[in-house]
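The values are calculated or read from the model by the stated rules, or taken from the named source; none is laboratory data. Given the structure is predicted, the values throughout are model-derived calculations rather than measurements. All Cβ positions, even for glycine, are placed from backbone atoms using ideal geometry, and neighbour counts span all protein chains on display. Surface accessibility is based on the protein's heavy atoms, side chains included, excluding ligands, DNA and RNA. Shrake-Rupley method; radii C 1.70, N 1.55, O 1.52, S 1.80 Å.
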Amino acid sequence: MAATEQRSYVGAPVPRKEDARLLTGQGTFVDNLSRPGMLHAVIVRSPHAHARIVGIDTSRAAAAEGVVAVYTGEDLKSEWQAGLPCFWPVSEDIVMPTHWPLALDKARYAGDGVAVVVAETRALAKDAAELVDVSYEVLPAVVDIEEALADGAPLVHDEAAGNRCYTWSLAAGEVEKEFADAAVTVSERYRQQRLIPAAMEPRALLVDVMPATGDVTVYSSTQIPHIMRTAFTLVLGIPEAKVRVVAPDVGGGFGSKVEVYAEDMIVVPIARRLGRPVKWVEERSEACLATIHGRDVVQHIELAATAEGKIRAVRVRLKAAMGSYLQAVTPGVPLLGAWLYGGCYDLAAYDFLCTGVFTTTTPTDAYRGAGRPEATYAIERAIDALARKVGKDPVEIRRLNFIEEFPFTLASGLEVDAGDFHAALDRALEILDYDTVRKEQAERRASGATRQLGVGFSTYIEMCGLAPSRILGALNYGGGGWESMSIRCLPTGTVQIVSGTTPHGQGHATTFAQIVADKLGVDFDDVEFLFGDTAVSPTGFDTYGSRSLPVGGVALWHASEKVVAKAKAIAAHTLEAAEDDLEYAGGRFAVRGTDRGMTVKECAFAAWHAHNLPDGMEPGLEAQHVYDPPNFSWPSGCHIALVEVDTQTGAVFLDRYVAVDDVGRVVNPLVVDGQVHGGIAQGVAQALWEEAVYDSDGNLATGSLLSYLVPSAAELPSYETDRTETPSPTNPLGVKGVGETGAIASTPAVINAVIDALAPYGITDMDMPASPERVWRALQEVAK
């Protein structure tokens with residue numbers, strides 16, 4: 001391919017270079033790995049949600065076939081210099097109980113680890129785990145958020161009075177006055193049910209040790225190898241330079257692998273004690289119990305508006321379940337949406353307050369969208385309620401309230417750099433053929449059809465990228481928002497990207513190669529992507545919060561600029577020309593007005609042999625850039641769901657789904673579509689099927705994929721997607737995040753559609769998931 005043609009990679013639907021390897025079974029996941037002399041660990045977990053540990057008898061297990069060791073928390077506590085880290089103490093009043101990797105005094109959720117068995121095979125370890133005899137004093141459980149706050153509720157932690165973890169608030173403007181003066185107010189209560197992330201690959205861990213040097217290598221199915229490396233030093237006291245963390249191929253995460261888990265801090269000290277490699281692999285039913293859960297929030301939202309429906313103020317009160325312990329960013333997850341309960345609407349005043357609550361359930365933490373889906377759900381449900389109250393179409397009420405000029409400072413205080421909400425709504429309506437759909441809906445209502453049609457809207461905005469560092473510091477977050485990327489131009493013309501972010505399905509190897517191929521004028525296939533190994537890429541802040549492109553990708557762009565600048569100096573020196581006389585295009589420097597020139601590849605070879613470099617220049621052509629963004633990334637868009645509701649059975653059928661997103665400049669439309677499709681599937685699943693249910697004793701009733709209803713492709717329509725584009729002015733690529741948009745927008749669109757279908761029956765609310773039974777019962781109730 002000619003050099004000038006190679007500038008077209010960005011924006012092109014280049015097939016993912018990862019797929020051939022993964023689809024032909026050539027991926028390398030943790031459970032594919034083995035080491036000589038490897039042992040296997042199995043965790044003994046509490047069957048009780050709340051129980052005092054009276055005693056643990058490990059003698060029968062220790063004597064079982066193939067068992068090498070059995071440990072309790074008391075046996076290992078000398079290895080732990082601290083409990084598991086929570087990186088986000090969100091307030092001065094926060095209660096942060098120590099979370100030991102194995103419970104020492106009480107089990108606080110069904111699945112809490114109390115002992116670990118290590119054996120020659122996984123099967124032998126599982127058999128022996130059943131022989132560990134734990135005596136419990138069972139205590140009352142509390143699984144409901146509001147019940148946990150009630151007087152006399154069982155205390156999950158003695159130091160957390162009333163089971164309160166923290167209270168956090170954000171307010172701006174004259175909220176009380178706006179409500180006092182409002183011609184119309186709306187007050188709604190919503191419940192974000194608890195969700196199980198259900199990544200395709202459960203968690204896994206293999207720890208290899210070198211006793212002679214003290215070096216530890218941890219192979220982990222994680223999203224955060226760099227953060228995990230630091231955590232091993234914080235908790236276990238191992239010098240960070242002695243720890244290598246490798247995240248090989250990772251089969252999905254959705255936030256559930258942005259964690260430092262108990263098993264990490266159990267298996268590493270065991271391997272060090274025994275001087276042998278140890279592997280732990282989570283089973284699916286274990287994942288339902290012991291991997292973090294998402295959501296579980298009670299939302300109260302109020303709107304103050306004019307008589308025509310112009311929103312003046314929003315007031316929000318949240319009660320958010322922490323579960324039994326604080327994981328990596330548990331307290332901060334509800335607050336990631338704290339600035340967004342006003343949505344993409346122009347407000348005068350804003351009031352937000354969140355109370356974190358301990359319950360005897362699996363800890364919660366980040367799940368795709370992390371706080372932003374909850375905020376979008378509340379405001380998009382509430383604005384539909386306002387539309388009903390003032391007698392306006394949901395499209396009209398949104399147009400009336402949209403933010404229209406950018407940059408714009410939200411009432412909650414953050415600045416949105418760019419957007420065009422009208423454009424996304426217009427395009428979505430055009431794709432749907434809105435007038436025709438409303439006409440068909442009216443005909444069905446008039447005829448009394450048993451299958452009623454509903455249209456639901458979600459016009460959303462989200463903040464993602466989890467940066468800049470100075471804002472994170474002001475919020476007391478324990479990490480930074482920067483990212484590091486390096487480029488190495490090898491002597492013979494191929495290029496290596498060394499990435500601080502690690503993929504688990506997003507397509508980094510493809511999109512990052514497109515950026516570099518364009519900048520350096522090399523072939524896409526000549527760009528290799530190195531990731532996930534702290535010995536190869538020692539600097540990074542990893543992958544979460546839709547940050548890889550707007551933070552990591554922009555760091556890569558800047559690193560490319562540095563490579564081009566050095567190559568230009570080499571070319572000018574070699575060609576005996578002034579740098580100002582060189583033109584650069586398609587990877588080639590040309591002396592203006594002549595046919596003399598030099599490619600970046602040729603510069604790389606010259607930099608390698610270093611025979612004729614400018615005085616003082618170091619050999620080699622490579623560069624690193626650490627980028628800390630000046631602002632969050634602000635994707636937005638409009639999603640529309642078209643559903644049919646069978647009024648005889650309560651069944652909901654998602655007939656069409658239209659998604660028009662503004663994710664800034666698109667590097668690869670295939671990758672963007674894949675991210676949007678996956679997010680929609682998860683958001684629709686929350687609306688219609690998924691729910692983690694505990695009984696009153698704290699037992700997880702949905703502890704497998706037989707009872708926790710993850711949809712397949714058969715339950716979902718073919719999505720109708722399109723994009724509008726307002727490039728971000730805060731980064732040179734003009735990009736925004738995309739990984740969470742579908743999950744953020746889709747849930748309220750579907751529930752609003754269900755309520756719209758049921759409007760003739762006077763139904764204005766529906767808890768999630770909108771299961772056939774729940775819909776049918778609502779219809780029966782109004783028929784009484």
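Structure data summary
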{"item": "Residues satisfying the stated conditions in the stretch 644-671, i.e. within 27 Å of the chain's Cα centre (by Cα), part of a strand (DSSP E or B) and of a type in the set (A, V, I, L, M)", "result": "Leu654, Val658, Ala659, Val660"}
{"item": "Matching residues, the stretch 79-93, being in contact with a Pro (Cβ under 9 Å, 6 or more places away or on another chain) and open to solvent by 30 Å² or more (accessible area, probe 1.4 Å)", "result": "Glu79, Pro89"}
{"item": "When residues of the stretch 266-316 are limited to those that are small (Gly, Ala, Ser) and surrounded by 18 or more Cβ atoms within 10 Å (Cβ to Cβ), the one nearest to Asn699 (Cα to Cα)", "result": "Ala290"}
{"item": "Qualifying residue in the stretch 455-467 (condition: under 30 Å from Glu201 (Cα atoms), at pLDDT 95 or above, touching a helix residue (DSSP H, G or I) at 6+ places or on another chain (Cβ under 8 Å) and open to solvent by 30 Å² or more (accessible area, probe 1.4 Å))", "result": "no"}
{"item": "Conditions (1) in contact (Cβ under 8 Å) with a residue 40 or more places away in the chain; (2) open to solvent by 10 Å² or more (accessible area, probe 1.4 Å); (3) part of a helix (DSSP H, G or I); number of the one not met by Leu386", "result": "(2)"}
{"item": "Selected residue (criterion: nearest to Asp249 (Cα to Cα)) from residues of the stretch 4-16 that are modelled with pLDDT of 95 or more and open to solvent by 50 Å² or more (accessible area, probe 1.4 Å)", "result": "Arg16"}
{"item": "Answer from Ala535, Ala565 - the residue that is open to solvent by 10 Å² or more (accessible area, probe 1.4 Å) and without any contact (Cβ under 8 Å) to a residue 60 or more places away in the chain", "result": "Ala565"}
{"item": "Condition met for Asp435 (farther than 15 Å from Ile311 by Cβ and open to solvent by 40 Å² or more (accessible area, probe 1.4 Å))", "result": "yes"}
{"item": "Per-region count, the stretch 575-606, residues assigned to a helix (DSSP H, G or I) and touching a helix residue (DSSP H, G or I) at 6+ places or on another chain (Cβ under 6 Å)", "result": "4"}
{"item": "Residues (part of a helix (DSSP H, G or I) and either of a type in the set (A, V, I, L, M, F, W, C) or without any contact (Cβ under 8 Å) to a residue 40 or more places away in the chain (or both)) located in the stretch 754-763", "result": "Val754, Ile755, Ala757, Leu758, Ala759"}
{"item": "Single residue of the stretch 94-112 satisfying the filter (open to solvent by 50 Å² or more (accessible area, probe 1.4 Å) and of a type in the set (A, V, I, L, M, F, W, C)) that is nearest to Gly275 (Cα to Cα)", "result": "Trp100"}
{"item": "Qualifying residue in the stretch 41-60 (condition: farther than 30 Å from Leu549 by Cα, outside any strand (DSSP E or B), among the hydrophobic types (A, V, I, L, M, F, W, C) and touching a Ser or Thr at 6+ places or on another chain (Cβ under 6 Å))", "result": "yes"}
{"item": "Test: residue in the stretch 313-322 that is more than 30 Å from Thr98 (Cα to Cα) and either of a type in the set (Lys, Arg) or modelled with pLDDT under 95 (or both)", "result": "yes"}
{"item": "Selection count where residues are open to solvent by 70 Å² or more (accessible area, probe 1.4 Å) and either of a type in the set (Lys, Arg) or more than 22 Å from Ala387 (Cα to Cα) (or both), scope the stretch 753-784", "result": "8"}
{"item": "Subset of the stretch 657-678 (residues that are open to solvent by 10 Å² or more (accessible area, probe 1.4 Å) and either closer than 17 Å to His422 by Cβ or in contact (Cβ under 8 Å) with a residue 60 or more places away in the chain (or both))", "result": "Arg665, Val666, Pro669, Leu670, Val671, Val672, Gly674, Gln675, His677, Gly678"}
{"item": "Output for the stretch 696-708, where each listed residue is in a loop (DSSP other than H, G, I, E, B) and touching a residue at least 40 places away in the same chain (Cβ under 8 Å)", "result": "Ser696, Asp697, Gly698, Asn699, Thr702, Gly703, Ser704, Leu705, Tyr708"}
{"item": "Subset of the stretch 613-643 [more than 15 Å from Cys464 (Cα to Cα), in a strand (DSSP E or B) and either open to solvent by less than 10 Å² (accessible area, probe 1.4 Å) or not aromatic (Phe, Trp, Tyr) (or both)]", "result": "Leu621, Glu622, Ala623, Gln624, His625, Val626, Cys638, His639, Ile640, Ala641, Leu642, Val643"}
{"item": "Cross-chain or 6+ apart pairs with Cβ under 9 Å, the stretch 764-775 first and at negative phi and among the aliphatic types (A, V, I, L, M), then open to solvent by 70 Å² or more (accessible area, probe 1.4 Å) and in a loop (DSSP other than H, G, I, E, B)", "result": "Val775/Thr649"}
{"item": "Filter result for Val314 (more than 23 Å from Gly173 (Cα to Cα) and in contact (Cβ under 8 Å) with a residue 12 or more places away in the chain)", "result": "no"}
{"item": "Total residues in the stretch 709-753, condition more than 28 Å from Pro629 (Cα to Cα) and either aliphatic (A, V, I, L, M) or assigned to a loop (DSSP other than H, G, I, E, B) (or both)", "result": "14"}
{"item": "Where a residue in the stretch 579-591 is open to solvent by less than 10 Å² (accessible area, probe 1.4 Å) and its partner, wherever it lies, is assigned to a strand (DSSP E or B) and among the charged types (D, E, K, R), with Cβ under 9 Å and at least six apart", "result": "Phe589/Glu583"}
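Each row is one residue, and each column tells you yes or no for (1) modelled with pLDDT of 95 or more; (2) open to solvent by 10 Å² or more (accessible area, probe 1.4 Å); (3) aliphatic (A, V, I, L, M).
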position	(1), (2), (3)
Leu353	yes, yes, yes
Ala366	yes, yes, yes
Gly371	yes, no, no
Glu374	yes, no, no
Glu380	yes, no, no
Glu396	yes, yes, no
Phe408	yes, yes, no
Leu425	yes, no, yes
Glu430	yes, yes, no
